[in-house]
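To keep things clear, I will list the structure first and then write my remarks on it.
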Amino acid sequence: MRSPLLLACFVGLCLWTTVTSLKICTFNIQSYGEAKASNQRVMEILIKIISRCDLSLIQEVRDSKGEAIAALMMNLNRYERSHIYSHLESKRMGRKTYKEQYVYIYRKDMLQVQDQYQHPKSNETAAESEVFTREPFIIRIRSPTTLVKNFVLIGQHTCPKTAMKEMDALYEVFQTVRKKWKAENVMFLGDLNAACSYVTKKGLKNVRIRNDPKFQWLIRDEQDTTVREKTHCAYDRIIIHGKELISGVVPESAQPFNFKQAFGLSEEEALEVSDHYPVEVDLKPNHRYLLRHEL
């Protein structure tokens, strides 16, 4: 009589100890388009990097024909057969001939995208320049397997020359999203160019999502998100707001992923993939939900 109960408890204990957290990543692939999509070695490394993540924001996608992303998704789903990946693309953005997109790639069997929103350009007077070179791409997520079940991602790739101005304007984007979706759990992520020659200490202090203690910057100033050995800059960031989201983060999980070291690449080989490392953070799992659905 006891054995089925003991077996169930044993299985439950094993699941409790082996359940993994939800990994969210952001990666500036550096001009991802036809050339990289047709390079087998680069594609293999990209697939290994992205397959580590349950949800990724990809930046600098230059795919006017739509073939490079299609190739990436096809190869990703072939490589990682235990999950089903889907994706959302922003419109192509850029003030001149240079255009790029944001792309969210996520595990459809684990996450639900409830809504998406491309933040409009600022309604400034004609004499003033627009704030964002590339408007933020925003999605609202439901994640049943994590402690924080609902949260918003605001993806942003700033223009280097106006990085501080764009970062400060993200506060207004936050207020818009907060009102639109009644959301408090919000994560900013992307290549914010928030380091080295693109920012100053004084300028950063005036950025509202920086000086407001309710926003936590998970990637610290001293961390390096660049591939080149001669640079040491925390360009890529993850910033969070909301008590549930803050408490739902796995401590010390926010880190750059050094794929050069992980895959034994030379600097030259790594730079063929990107000059940025992806940065990532883990969300704590909801053990009760996972045990209930596994047992």
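Nothing in this text is a laboratory measurement; each read-out follows from the coordinates by a stated rule. Keep in mind it's a predicted model, so treat the numbers as computed, not measured. Cβ sites come from the backbone with ideal geometry, for glycine too, and all protein chains shown count toward neighbours.
At a temperature of 25 °C and a viscosity of 0.890 mPa s, determine how fast the chain diffuses translationally according to Stokes-Einstein, using the Kirkwood radius over alpha-carbon pairs as Rh; express D in µm²/s, rounded to the nearest whole number.
Value of D from the Cα-based Kirkwood radius: 122 µm²/s.
What is the P(r) of segment 36-141, as percent of Cα-Cα pairs per 10 Å bin from 0?
For segment 36-141, the binned pair fractions read 13, 41, 31, 12, 4, 0 percent.
Identify the residues of segment 67-90 with backbone N under 16 Å of a label point that sits 7 angstrom from the Cα of Lys48 along the Cα-to-Cβ direction, or state none.
Zone members listed by number: 76, 79-80.
Can you tell me the 0 to 90 degree angle between the C-alpha axis of helix 163-181 and the longest principal axis of the chain, rounded to 10?
Result, in degrees: 50.
When only C-alpha pairs under 8 Å and at least 6 residues apart count, what is the relative contact order of segment 19-294, in percent?
20 percent
As I understand it, the value is the acute angle between the Cα axis of helix 2-18 and the longest principal axis of the Cα atoms of the chain; what does it come to in degrees, rounded to 10?
20 degrees
List the trypsin sites (Lys or Arg not before Pro) in segment 58-102 that DSSP assigns to loop (not H, G, I, E or B) and whose Cβ has at most 12 other Cβ atoms within 10 Å. Which are they?
Those satisfying the criteria are Lys65, Arg81, Lys91, Arg95, Lys96.
Under 19 Å from a label point 7 Å along Cα→Cβ of Ser247: give me every residue in segment 165-190 with its amide N that close.
Output list for this probe position: 183-187.
What number, rounded to the nearest 500 deg cm²/dmol, is the helix-based mean residue ellipticity at 222 nm of the chain, given -39500 (n - 2.57) per DSSP H run of at least four residues and division by all its residues?
-9500 deg cm²/dmol
As an exercise, find the ratio Rg/Rh for segment 96-199 from alpha-carbon atoms, using the Kirkwood inverse-distance average for Rh.
Using only Cα positions, Rg/Rh for segment 96-199 is 1.00.
For Ser197 and Ala35, compute 0.36 nm times the residue count separating them, minus their Cα-Cα distance, and round to one decimal in nm.
Extra length from Ser197 to Ala35 when fully extended: 55.4 nm.
Can you list which of the trypsin sites (Lys or Arg not before Pro) found in segment 156-243 are DSSP loop residues with at most 16 other C-beta atoms within 10 Å?
Lys182, Lys214, Arg220, Arg228, Lys230
Please give the FRET efficiency for Arg78 paired with Gln261, using the beta carbon to beta carbon distance and R0 = 35 Å, rounded to the nearest 0.05.
With R0 = 35 Å, the Cβ-Cβ based efficiency is 0.85.
Enumerate by residue number the GluC sites (Glu not before Pro) in segment 221-295 meeting two conditions: DSSP loop (anything except H, G, I, E, B), and at most 14 other Cβ atoms within 10 Å of the site's Cβ.
Glu222, Glu229, Glu252
Give the angle, between 0 and 90 degrees and rounded to the nearest 10, that separates the Cα long axis of helix 40-51 from the longest principal axis of the Cα atoms of the chain.
60 degrees
How large is the direction-averaged shadow of the alpha-carbon convex hull of segment 150-270, in nm²?
Spelled out: convex hull of the Cα atoms, projected over all directions, averaged, 8.3 nm².
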